[in-house]
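As structure tokens, the structure follows; a few thoughts come after it.
Since every read-out is calculated from the coordinates, none of them should be taken as a lab result. These numbers come from a predicted model, not from an experiment. Cβ: placed from backbone, ideal geometry, glycine included. Neighbour counts: every protein chain shown.
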Amino acid sequence: MRQYLNNHRRLVLATVAFALAGAQFALPGTAKAQSASAVASVTATASHGLASFKSIKQINAGDLNVGYVDEGPANGPVVILLHGWPYDINSFIDVVPLLTNAGYRVIVPHLRGYGTTRFLDPNAVRNGQPAALASDVVALMDALKIDKAVLAGYDWGARTADIVAALWPQRVKGLVSVSGYLIGSQEAGKQVLPPNAEQQWWYQFYFATERGRAGYEKNRHDFAKLIWQTASPQWHFDDTTFDRSAANLENPDHVAVTIHNYRWRLGLANGEAKYNELEARLAKFPSIAVPAITMEGDANGAPHPDAAAYAKRFTGKYKHELVTGGIGHNLPQEAPRAFADAVIEVDHF
């Protein structure tokens, strides 16, 4: 996974995960993004700031009772930070104080299936489809009476932030998205890839089986650590750092939401009808017009698209930043200063 992919292979990989591939270039493109490139160099290290967040609040929002961090001045401009899989809110443990010290109110929710977030209806589908996660963010903003915020995330969180920015642009002041434009569709996810590209997604195919579901249920701690290690091969996190996050994967809905997410991407699981209209819009690969900064670590061991493949999807003021120094997939935790700086910068675009 550490091999650098050429542009063609990255586009191919993007077909499954992020639905960029041929569809991106086949769609009419009149984008006029104001783009720039930047390189920041940092060193990947384990978290050494806050030991843990002071408190986790709870609020009913949409289908969920959401556990979330709420730090900083109550009247400050709002930033919502969205984590990925198999990570948790502690990816932002060193980002939050940087932003609160700059005057921001920072909200960091546990996504559905993580930490203290729970479904309100015990019989609800443990749905992990992208439109559901994005709707959760909008519902949380409504519950907290937040009209507009800067959204920033990576992995599942970046995809979720991208979707909110594309479908609810009036709610998004700015966007920071690690690995760029991650909006996809089931149809794109069904496309066959070359063997070396398919190999990168071994866990997605594993999760498509009952053995995979049972294996993740039984071994989620070791499974998550393996993903951390392969996705960030130069990040030297310690056991304390990992265990702090792994504890939030013990949510009773975590496995079901994870399995549904990856099976849905391959067209092996149905979504909920209430999200059909949103998914239909996403399948057209909508552009993102809000001010945006995309980021990538130079040592990201997870499959990810090349920045050149998605730049034209951002039609507002736009910048891409490559963070060097051995930075992997969990960019906010590996390079918190670079991530926080991007949030502040996009807020002032």
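Some notes on this structure:
- Using θ = phi - 60° and Karplus 6.51 cos²θ - 1.76 cosθ + 1.60, couplings along the range 149-165 (whole Hz; Gly, Pro as x): 8, 7, 10, 8, x, 9, 6, 3, x, 5, 4, 4, 5, 4, 5, 4, 5
- Protection proxy ranking, peptides 328-334, 215-221, average beta carbon neighbours within 10 Å, highest first: 328-334, 215-221
- Cross-link pairs beyond the 20 Å C-alpha cut-off, checked among 173/319; 54/173; 173/317; 57/225: 54/173; 57/225
- On the beta carbon distance between residue 276 and residue 192, with R0 = 22 Å, the FRET formula returns roughly 0.30.
- With K and R counted +1 and D and E -1, the other residues having a Cβ less than 13 Å from that of residue 74 yield a net charge of +1.
- Protection proxy ranking, peptides 338-345, 78-85, average beta carbon neighbours within 10 Å, highest first: 78-85, 338-345
- Across all Cα pairs in the range 7-347, the calculated P(r) in 10 Å bins from zero up to the longest distance comes to 6, 28, 39, 24, 3, 0 percent per bin.
- Taking the Cα centre of the chain as origin and assigning +1 to Lys and Arg Cβ atoms and -1 to Asp and Glu Cβ atoms, the resulting dipole is close to 680 debye.
- Cβ crowding within 10 Å averaged over residues, with 248-254, 61-67, 90-96 ranked highest first: 90-96, 61-67, 248-254
- Sites residue 243 and residue 170, calculated FRET efficiency, Cβ-Cβ separation with R0 45 Å, nearest 0.05: 0.65
- The chain, relative contact order [Cα under 8 Å, separation at least 6], %: 31 percent
- Selected from 237, 283, 209, residue furthest toward positive end of dipole (the chain; charges at beta carbon): 283
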